[in-house]
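Have a look at the structure below before the remarks.
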Amino acid sequence: MSNLFLYILLFFFAINFIAFLIMLEDKVQSSNPDAKRISEGMMFFLAAAFGSVGVYAGMFAFRHKTQKWYFLIGIPLLMAQNAATIYLAYLFWTGI
């Protein structure tokens, strides 16, 4: 394996772990009306920035945002966008 592939894999796991933890943090803060919440826009930004797997896993692990239709449809679409972008980057870097 090349170093570039390992760096990309490490970035992918790190951003998804952060997105997963942010879903947990927002779920914990949702029970306190005075707490500063994490915006839904930030959650979608993390999903668009290759953290869609972490956001999706956090949605169902913590039962958070699962009643919002735009999360149920938007996050899987961003997962497809993330996969397509990674595939196209792979094709570009390998010269296929």
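No value in this document is a laboratory result; all are computed from the given coordinates. No experiment lies behind these values; they were computed from the predicted model shown. Cβ atoms come from the backbone with ideal geometry, glycine included; neighbour counts cover every protein chain shown.
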Does any residue of segment 82-92 turn out to be hydrophobic (A, V, I, L, M, F, W, C) and either touching a Lys or Arg at 6+ places or on another chain (Cβ under 9 Å) or buried (at least 16 other Cβ atoms within 10 Å of the Cβ) (or both)?
no
Please specify each residue of segment 28-44 satisfying the condition of being under 19 Å from residue 74 (Cα atoms) and surrounded by 14 or more Cβ atoms within 10 Å (Cβ to Cβ).
38, 40, 43, 44
State which residue is nearest to residue 9 (Cα to Cα) when the search covers only segment 50-64 and only residues that are surrounded by 14 or more Cβ atoms within 10 Å (Cβ to Cβ) and among the hydrophobic types (A, V, I, L, M, F, W, C).
50
Does segment 80-92 contain any residue that is in contact with a Leu (Cβ under 6 Å, 6 or more places away or on another chain), under 18 Å from residue 18 (Cβ atoms) and without any contact (Cβ under 8 Å) to a residue 40 or more places away in the chain?
no
